[in-house]
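Data first, discussion second: the structure below is written as structure tokens.
The values are calculated or read from the model by the stated rules, or taken from the named source; none is laboratory data. On a predicted model such as this, the values are computed, not experimentally measured, just so you know. Cβ atoms come from the backbone with ideal geometry, glycine included; neighbour counts cover every protein chain shown.
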Amino acid sequence: MNPPLPSPAQRRRNRVWLLAIVAVFLLPILAALVINRSGQRPAPTRQHGELLQPPQDLGAVAPRLADGADYPWNPQARLWRIVVTPPAACDAACARLAADLDLVWRLLGHNADRVHVLWAGPWPSTAGTPATLHLLQPDPRLHAALPRNETAAAGPPVYVIDPNGFVILRYPPGFDPAGLRSDLARLVKLK
């Protein structure tokens, strides 16, 4: 014995439900294709610092440590660097920047050893000291090689240098240190 055939109204209702189920799965795909074809893609994750194009090569500039030894770039070590060239008279803005850099370095956690802090001049005594801090001798060549390296009332700019010695990011005076930490956390994960 065969079950009774559905009524025409029941068939229409079943077709509508079938089309609704198919639409739930196909409409997001169609919407994504339309957005992709129209060029309205979502912005990729952006860095907080200013991306320098083209990156400035510091390979020819060999910084000297405060004790007179050379600081090698050594690309094989895969170290990232934070570079600051503060003015000779470091005021409260420099001390605040040094404390912020110490905090950023500590917040990197187990990756902190892969980031060197290079500070050209005396480190402010009021700030904590990162374990990978390297004090540099003030060097006019290094100062000149860093793009737009002018000190403002909010302090000096901060630069991020990749393992090969290229300046890739610049943070203006008075920047938010959380942005630097976020960018470094992403960069240090790169192999």
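Matching residues to (1) within 14 Å of Leu135 (Cβ to Cβ); (2) of a type outside the set (Asp, Glu); (3) more than 18 Å from the chain's Cα centre (by Cα):
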{"residue": "Glu50", "(1), (2), (3)": "no, no, no"}
{"residue": "Val61", "(1), (2), (3)": "no, yes, yes"}
{"residue": "Pro86", "(1), (2), (3)": "yes, yes, yes"}
{"residue": "Ala98", "(1), (2), (3)": "yes, yes, yes"}
{"residue": "Leu103", "(1), (2), (3)": "no, yes, no"}
{"residue": "Asp113", "(1), (2), (3)": "no, no, no"}
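Does at least one position in region 23-42 carry a residue that is charged (D, E, K, R) and in a loop (DSSP other than H, G, I, E, B)? Even if it seems obvious, please write down each step before you answer.
Restricting attention to region 23-42, the residues satisfying the condition of being charged (D, E, K, R) are 37, 41.
With in a loop (DSSP other than H, G, I, E, B) added as a condition, the list becomes 41.
Yes, there is a match, as at least one residue in region 23-42 is charged (D, E, K, R) and in a loop (DSSP other than H, G, I, E, B).
Restricting to region 81-139, name every residue that is in contact (Cβ under 8 Å) with a residue 40 or more places away in the chain and among the small types (Gly, Ala, Ser).
If the condition is that a residue be in contact (Cβ under 8 Å) with a residue 40 or more places away in the chain and among the small types (Gly, Ala, Ser), then Ala88, Ala93, Ala120 are the ones that fit.
Name the residues in region 58-90 that are more than 13 Å from Gln137 (Cα to Cα) and polar (S, T, N, Q), would you?
Asn74, Gln76
Can you confirm whether Leu30 is closer than 19 Å to Leu146 by Cα and of a type outside the set (Gly, Ala, Ser)? Lay out the reasoning, then the answer.
Working: closer than 19 Å to Leu146 by Cα: no; of a type outside the set (Gly, Ala, Ser): yes.
Against the criterion (closer than 19 Å to Leu146 by Cα and of a type outside the set (Gly, Ala, Ser)), Leu30 does not qualify.
If only one of Val104, Val117 is in contact with a His (Cβ under 9 Å, 6 or more places away or on another chain) and not aromatic (Phe, Trp, Tyr), which one is it? Write out each step before concluding.
On the way: Val104 fails: in contact with a His (Cβ under 9 Å, 6 or more places away or on another chain).
Selected residue: Val117, the only one of Val104, Val117 that is in contact with a His (Cβ under 9 Å, 6 or more places away or on another chain) and not aromatic (Phe, Trp, Tyr).
From Leu184, Leu146, which residue is in the same structural domain as His116 (by TED's automatic domain parsing) and within 11 Å of the chain's Cα centre (by Cα)?
None of the other options fit; the residue is Leu184.
For region 110-131, how many residues meet the condition of being in contact with a Ser or Thr (Cβ under 8 Å, 6 or more places away or on another chain) and not small (Gly, Ala, Ser)?
5
Kindly indicate the residue of region 74-84 that is part of a loop (DSSP other than H, G, I, E, B) and modelled with pLDDT of 90 or more and also surrounded by the fewest Cβ atoms within 10 Å (Cβ to Cβ) among those meeting that condition. Spell out how you get there, then give the answer.
Here is the first cut: in region 74-84, the ones part of a loop (DSSP other than H, G, I, E, B) are 74, 78-79.
Then keep just the ones that are modelled with pLDDT of 90 or more; that gives 78-79.
Values: Arg78: 13, Leu79: 17.
Among those residues, the one meeting the criterion is Arg78.
In region 64-73, which residues are touching a residue at least 60 places away in the same chain (Cβ under 8 Å), surrounded by 10 or more Cβ atoms within 10 Å (Cβ to Cβ) and part of a loop (DSSP other than H, G, I, E, B)? Walk me through how you get there before you give the answer.
Start the filter on region 64-73 by keeping residues that are touching a residue at least 60 places away in the same chain (Cβ under 8 Å), which leaves 64-66, 68, 71, 73.
Filter again for surrounded by 10 or more Cβ atoms within 10 Å (Cβ to Cβ), leaving 64-66, 71, 73.
If the condition is that a residue be touching a residue at least 60 places away in the same chain (Cβ under 8 Å), surrounded by 10 or more Cβ atoms within 10 Å (Cβ to Cβ) and part of a loop (DSSP other than H, G, I, E, B), then Ala66, Tyr71, Trp73 are the ones that fit.
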